[in-house]
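The values are calculated or read from the model by the stated rules, or taken from the named source; none is laboratory data. Only a predicted model underlies this, so the values are computations on that prediction, with no experimental measurement involved. Please note: Cβ atoms are built from the backbone with ideal geometry, for glycine as well, and neighbour counts cover all protein chains shown.
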Amino acid sequence: MKSLAAALAVCAVALGVRFGTFVASGADSYGYVSQADLWLRGTLIVDQPLGREAPWRNAHFTLAPLGYRPGDERGTMVPTYSPGLPILMAGLKALGGERGVYLAVPLLGGLAVWLTFLLGARLGGPQAGVLAALALLASPPFLFHLMWPMSDVPAMAWWAIAIVLALGRSRWHVVTAGLAAAAAILTRPNLFLLAVPVAALIVVRETRGRDRLVSALAFTAATLPGPIAVAIINHHLYGSPFTSGYGTFATLYAGRHALDNLARYPAWLLQAQTPFILLALAAPSLLRRQGRVDAARLASWGLAFSVLVFLLYLWYTPFGDWTYLRFLLPAYPLLLAGAAAALVLVAPQRPRARALTIALTAVVLVAWGAWHGRAAFRVRGEEARYANAARLASALPANAAIICNQHSGSLRYYANRLTLRYEWLDADMYATALAYLRASGRPVYAVLDDWERDVFRSRYAAVTDLSWLDGTPLLLASKRVYFYEIPDASAGR
């Protein structure tokens, strides 16, 4: 069974490498990948000289691409995203070059599949372990985010590492569990409270008070570098240890969000995972009936851990798409391990019928997951447009200014061209910005995804002539990225 589980882990890595995007695209991908370069460069603050001179309102925001925000010092910008994944990416890039950056998520995804096997085997035996690992590999939110250089799969993997190590008996296990928790907090700081149940898992196994104290102190000492590093970086970049790149606690969390999230996440969970995942709720009682008290306690602990993950997002800003189940991924190894253990316990005891039940369940989970997560296999092709557009942008004048949004990071990363985000450029500042850029000798272009053209039109149609949007584009990348040279409306006056 271990060989089969190892094969599933290797399969996860292979899927991430084969179908994942290896492009610094959009907000998240560009934000994480470019921040890795900043860590290698030795600074997280990027100079933006134009931001000190530009006369239009919110100029410092327009000049910060997706994944970045203005720095405290005028004329600078800083990363938005937490540092854990970019630091890992930087290390892999130093070892393996450009492609090394994009291996972080597939490698951690494969490790997460293996760790889910270990948790499932601990609860319900090797068969349960393999079924749990397969259920994770086929899970739509896991499969989809295995393809992106984003922090969701890494956060899940680091917490899974911490949990499995916390189940060990030696002091080495305690310390390394703390280090894994520190890495998890660096990767997704808002989940720092998950360290509390992991610490409890370590402490309660000790029988003597002195051992409990030593274990608690060892785990805490190993974990603390994570939140301390986050606080130091936050203070350096955003002026306060309690302010993240996304803003303050009050901008992200609100009581009014609870009902929306309470209605969405459970429904999405059933939609994506099938009722199979509900078997995790029955695992503690089923294990207890079998006399497996330790396993029942671990299953109960896993449910409590999963509830805490959900509570940490219950008051978070709501989103409207099932792919945001990615926030709950740290709970998945435990939930799927519990569900798999419960299925093995309720399956027929005759070996052939038992094997058939488990096999049929596996087939259903894989078929369901592959269908609902099928968008994962289109990610590489769809995201290639960012690199293709950047190649075309490299042919534009070196001093060009490009008004865009979706491509604001990738055009900087690959083509080294100045970009302005139109979502921050108010309509009454449009003419001012273009006039200033042209006066400084910069030709002005627009680069828009097909869907962005209507957004751009609705934003500026009232203040300028946009008939050029209906004409033939200057360049066209991947049949959906449109390049326009914006005409000077004042030239004919």
Practice task
Check off (1) within 30 Å of VAL113 (Cα to Cα); (2) modelled with pLDDT of 95 or more; (3) more than 21 Å from the chain's Cα centre (by Cα) for ARG350 and give me the number that stays unchecked.
Solution key: (2)
Practice task
Would you be able to say whether some residue in segment 50-70 is under 30 Å from ALA370 (Cβ atoms) and of a type in the set (Val, Ile, Thr)?
Solution key: no
Handout entry: ASN416 being surrounded by fewer than 18 Cβ atoms within 10 Å (Cβ to Cβ) and under 22 Å from ALA54 (Cα atoms)
Key = yes
Problem - Only one of GLY20, GLY16, GLY31, GLY51 that is touching a strand residue (DSSP E or B) at 6+ places or on another chain (Cβ under 9 Å), more than 19 Å from HIS407 (Cβ to Cβ) and either at pLDDT below 95 or not assigned by TED's automatic domain parsing to the domain that holds ASN416 (or both) - result: GLY51
Practice task
Would you point out the residue of segment 181-238, among those that are of a type in the set (S, T, N, Q) and assigned to a helix (DSSP H, G or I), that is farthest from ILE163 (Cα to Cα)?
Solution key: ASN234
Fill in the blank from the handout: Picking from LEU252, LEU281, LEU270, the residue that is over 27 Å from ALA133 (Cα atoms) and surrounded by fewer than 18 Cβ atoms within 10 Å (Cβ to Cβ) would be LEU252
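Tell me, please, whether a residue that is over 29 Å from the mean Cα position of the chain (by Cα), under 22 Å from VAL23 (Cβ atoms), touching a residue at least 12 places away in the same chain (Cβ under 8 Å) and surrounded by fewer than 20 Cβ atoms within 10 Å (Cβ to Cβ) can be found in segment 465-479. Please lay out each step first, then the result.
Looking only at segment 465-479, we keep the residues that are over 29 Å from the mean Cα position of the chain (by Cα), and these are 465-476.
Still in the list and also under 22 Å from VAL23 (Cβ atoms): 473, 475-476.
From what is left, the residues that are touching a residue at least 12 places away in the same chain (Cβ under 8 Å) are 475.
Within this subset, residues satisfying the condition of being surrounded by fewer than 20 Cβ atoms within 10 Å (Cβ to Cβ) are 475.
For segment 465-479, residues over 29 Å from the mean Cα position of the chain (by Cα), under 22 Å from VAL23 (Cβ atoms), touching a residue at least 12 places away in the same chain (Cβ under 8 Å) and surrounded by fewer than 20 Cβ atoms within 10 Å (Cβ to Cβ): present.
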Handout entry: Pick from segment 437-456, criterion surrounded by fewer than 19 Cβ atoms within 10 Å (Cβ to Cβ) and over 31 Å from the mean Cα position of the chain (by Cα), ranking: farthest from SER25 (Cα to Cα)
Key = ALA439
Completion exercise
Just one listed residue, out of LEU186, LEU252, is touching a helix residue (DSSP H, G or I) at 6+ places or on another chain (Cβ under 7 Å) and among the hydrophobic types (A, V, I, L, M, F, W, C), and it is LEU186
Exercise for the section: Could you please tell me which pairs satisfy a Cβ distance under 8 Å, a separation of 6+ or placement on different chains, a first residue in segment 129-151 that is under 16 Å from ALA331 (Cα atoms), and a second residue that is assigned to a loop (DSSP other than H, G, I, E, B) and among the aromatic types (Phe, Trp, Tyr)? Expected result: SER151/TYR81
Practice task
Return the total of residues in segment 290-300 being surrounded by fewer than 21 Cβ atoms within 10 Å (Cβ to Cβ) and either in contact (Cβ under 8 Å) with a residue 24 or more places away in the chain or under 19 Å from LEU201 (Cα atoms) (or both).
Solution key: 7
Completion exercise
Among VAL196, VAL203, the single one that is under 25 Å from ALA295 (Cα atoms) and over 26 Å from the mean Cα position of the chain (by Cα) is VAL203
Exercise for the section: Considering every residue within segment 171-181, establish whether at least one is surrounded by fewer than 18 Cβ atoms within 10 Å (Cβ to Cβ) and modelled with pLDDT under 90. Expected result: yes
